[in-house]
Amino acid sequence: MCRRLGVEGRVPLIMLTARGEEEDRIVGLSLGADDYVVKPFSPRELAARVEAVLRRVNAAPEAETTQAVLEFDGLRVDPNTRGVTVRGEPVVLTAREFDLLHHLAKSPGRVYTRDQLMEAVWDFAFSAENSTVTVHVRRLREKIETDPAHPRYLQTVWGVGYQFVDER
């Protein structure tokens, strides 16, 4: 159920669980969760995370302006339809995966830390769980890269974070 809801991108998911090992968090995020909170947790932190998700979900729609389609060699990201194609073939992304890809791709070459991406894409000013970003980048690479082990577009800047590379 979690995977189905996450893929459809209709329902934001926050997992509340007693399972706090790194592997458990990675599995939970890989199944489509937007966040993963381990018990015991602070009620204030949980409320802040829920509020952040609700802000994102209930955000007023942007003005009815057309946003520029981002095209790179073999990759097309259309923010108007939230569609992505790789070499002309459509790729199914979760809502969060699309937001992450679009955020990185609209500023090729710019390096973002995990905390910056958490704030921009997940709307969290700080999260000790920035492994969320790592998991989402890995999943994106599996979907858009020819060789995810040697990514062309989504590159790691070791010790800093990630950047989108346009090698035209």
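Odds and ends about this structure:
- Taken over segment 29-49, the criterion of being closer than 16 Å to M118 by Cβ and of a type outside the set (A, V, I, L, M, F, W, C) is satisfied by D34, D35, Y36, E45, R49.
- The criterion of at least 2 residues that are touching a Lys or Arg at 6+ places or on another chain (Cβ under 7 Å) and at pLDDT below 90 is met by none of the strands (runs of 3 or more DSSP E) falling completely within segment 70-168.
- Selected residue [modelled with pLDDT under 85 and touching a Ser or Thr at 6+ places or on another chain (Cβ under 8 Å)] from G20, G32: G32
- A count restricted to segment 111-126 and to residues that are farther than 13 Å from G161 by Cβ and loosely packed, with under 15 Cβ neighbours inside 10 Å stands at 2.
- Residue match in segment 87-95 (condition: in contact with a helix residue (DSSP H, G or I) (Cβ under 8 Å, 6 or more places away or on another chain) and surrounded by fewer than 16 Cβ atoms within 10 Å (Cβ to Cβ)): yes
- Hits in segment 96-110 - residues which are loosely packed, with under 14 Cβ neighbours inside 10 Å and either touching a residue at least 60 places away in the same chain (Cβ under 8 Å) or at negative phi (or both): S107, R110
- Among (1) crowded, with 16+ Cβ neighbours inside 10 Å; (2) at pLDDT 85 or above - the single one R49 does not satisfy: (2)
- Any hit, segment 89-97, residues being of a type in the set (S, T, N, Q) and within 10 Å of the chain's Cα centre (by Cα): yes
- Residues of segment 52-69 satisfying the condition of being loosely packed, with under 15 Cβ neighbours inside 10 Å and at pLDDT below 80: L54, R55, V57, N58, A59, A60, P61, E62, A63, E64, T65, T66
The values are calculated or read from the model by the stated rules, or taken from the named source; none is laboratory data. This is a predicted model, so every value here is computed, not measured. Because the Cβ atoms are built from the backbone with ideal geometry, glycine has one as well, and the counts that use them run over all protein chains shown.
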